[in-house]
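This report refers to the structure that appears directly beneath it.
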Amino acid sequence: MQLLSLQPSPNNVKVRVALGYLGIPYEEVPQRPNDRSAMMAATNQPLTPVLVHDGIGVFDSAAILRHLHAATPESTLFPQDPDNMRKLERWEMGARYGLKDSLGQSYAMIFGRVEANDENIKAAQQTLLRDTAPLEKALAKRPCLMGDTPNAADITWAGALTYHVGLNAPALRNTPFFDFMSTHFTLSEEERPLVRAWASRLLQFDAWIGG
Ligand SMILES: N[C@@H](CCC(=O)N[C@@H](CS)C(=O)NCC(=O)O)C(=O)O
């Protein structure tokens, strides 16, 4: 399998976590943001991540997780019964859109549309805390969102939290974007201890972040 990726982006992190968790070997082929030709050739669309498996291109991180599950008989990424599938999809939807308000507030400051002053930073931090509260609550009841072991809901959320838990990836250090996010929007041990520990554990399955 080959993974065409923009390495630090959350949807790419999510797919690498799934590959690492399932123990599937793959070759990562990092892409340059200004050249979409490899994704276009493999999948007729420009975004990453793209998985190429036996010559077939799969795009969209959620579709890639489904493809990996379907191709791996022992995978427990998705549940076996319809009710839990629906429950998983609700968590997954939350992860895909749940942090858009705080990210929007953060990006506005990073790209200079809004002043990065204490008041605006505090407001974005409050939004992030509001939107991660359901996770902390769920993790107080069980080790993962839906049970004892991680599934696609956990992995999707871990990807979405890439910029909100401490990361070690050398390529992320000292970039202005990551500095701003890690300085102001790292979830704290006091306020989100369970989310931090759970997301950090999952992100270690990403060879690029954890390695
Ligand atoms: N729904 C897609 C979204 C893919 C996506 O937005 N990819 C981003 C990286 S996370 C990308 O390639 N962005 C390039 C751009 O917007 O120019 C997924 O989950 O994979």
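The values are calculated or read from the model by the stated rules, or taken from the named source; none is laboratory data. This is a predicted model, so every value here is computed, not measured. Neighbour counts are summed over all protein chains in view; Cβ atoms, including those assigned to glycine, are modelled from backbone coordinates with ideal geometry. The area values use the complete protein model at the heavy-atom level, side chains included, leaving out ligands, DNA and RNA. Shrake-Rupley method; radii C 1.70, N 1.55, O 1.52, S 1.80 Å.
Below are the figures for this structure:
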item	result
Proportion of all alpha-carbon pairs of the chain beyond 31 Å (%)	19 percent
Calculated from backbone phi, Karplus (6.51, -1.76, 1.60) coupling profile of region 117-126 in Hz, x at Gly/Pro	9, 4, 5, 6, 5, 4, 5, 5, 5, 5
Convex hull of region 2-70 built on C-alpha atoms - directionally averaged projected area, nm²	4.1 nm²
Heavy-atom accessible area ranking, 1.4 Å probe, most first, across W91, W157	W91, W157
Between region 99-115 and region 132-211, the Cα center-to-center distance that results, in Å	20 Å
Karplus (6.51, -1.76, 1.60) ³J(HN,Hα), θ = phi - 60°, over region 144-158, in Hz, Gly and Pro reported as x	10, 4, 10, x, 8, 10, x, 10, 4, 5, 4, 5, 5, 5, 4
Distance (nanometres) between label positions extended 7 Å along Cα→Cβ at M85 and A63	1.8 nm
By accessible area with a 1.4 Å probe, ligands and nucleic acids excluded, highest first: order of D101, D154	D101, D154
Label-to-label distance, nm, for residues given as A133 and D101 (7 Å Cα→Cβ offset)	1.0 nm
Area of D60 that stays accessible when all protein chains are in place (1.4 Å probe, Å², to 10)	60 Å²
Probe 1.4 Å, all protein chains present, accessible-area order of T132, T175, largest first	T175, T132
M40-H184 FRET efficiency (beta carbon distance; Förster radius 35 Å; 0.05 resolution)	0.45
Straight-distance crosslink candidates among lysines, where the alpha carbon sits under 25 Å from K141 and sequence neighbours closer than 8 are dropped	K14, K87
DSSP-defined beta bridges in the chain - what % are antiparallel, rounded to 5	65 percent
